[in-house]
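Nothing in this text is a laboratory measurement; each read-out follows from the coordinates by a stated rule. Please read all numbers here as calculations on a predicted model, not as lab measurements. Cβ sites come from the backbone with ideal geometry, for glycine too, and all protein chains shown count toward neighbours.
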Amino acid sequence: MSENEISYKIRGAIFKVFNHFGPGLLESAYESALEYELKKQGLTVKRQVNLPIHYDGIALEGGYRIDMVVNNLVIIELKSVEELHEIHHKQVITYLKLSGYRLGILVNFNTLKIEDSIFRKVNNLR
């Protein structure tokens, strides 16, 4: 399955979870439900994946975690905040660069219109 096919399924799962819960819950609730929905579709999901940082040739434990990795191809960064800021978008790009993944999805569940709160981020530097 390609990254685009996976992202299509992720988007559908996000809509399903949002339509069930609506806005206002903690990020962890959406993460659990999204994991369940993606696995139900036959996708492989890892949550809270360690993201080591490399400095001066050494892997350092920086405490960074990717919210979700789907089929070892696509990362998902979940938020439940009043407003996404530019730093949230840059965070996903940085995670893509550090991890080597090519596609990331940033989603903010604390919104009235979920379709305006899902963003695809691409790492063109592999």
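Sequence gap at least 6, Cα distance under 8 Å: using those rules, report the relative contact order of the chain to the nearest whole percent.
23
Just for the Cα atoms in the chain, what are the lengths along the principal axes, largest first, rounded to whole Å?
Computed over the chain, the largest-to-smallest principal extents equal 46, 32, 23 Å.
Take every DSSP beta bridge whose two residues both sit in the chain, then give the antiparallel share in percent to the nearest 5.
Around 75 percent of the beta bridges assigned by DSSP in the chain are antiparallel ones.
Could you name the lysines whose alpha carbon sits less than 19 Å from that of Lys113, not counting residues in the same chain fewer than 8 places away?
Lys9, Lys16, Lys79
Once the piece of chain linking Lys113 and Ala29 is laid out straight, how much longer is it, given 0.36 nm per residue of separation minus the C-alpha distance between them?
Roughly 28.4 nm would be gained on extension.
Excluding Lys16 itself, what net charge comes from residues whose Cβ is under 15 Å from its Cβ, given Lys and Arg +1 and Asp and Glu -1?
Taking every Cβ under 15 Å from that of Lys16, the sum is 0.
Based on the Cβ-Cβ distance of Glu83 and Arg120, what FRET efficiency does E = 1/(1 + (r/R0)^6) give at R0 = 22 Å, to the nearest 0.05?
For Glu83 and Arg120, the calculated efficiency is 0.70.
Could you compute the net charge surrounding Leu51? Neighbours are other residues with a C-beta less than 14 Å from the C-beta of Leu51; K and R count +1, D and E count -1.
Summing Lys/Arg as +1 and Asp/Glu as -1 gives +1.
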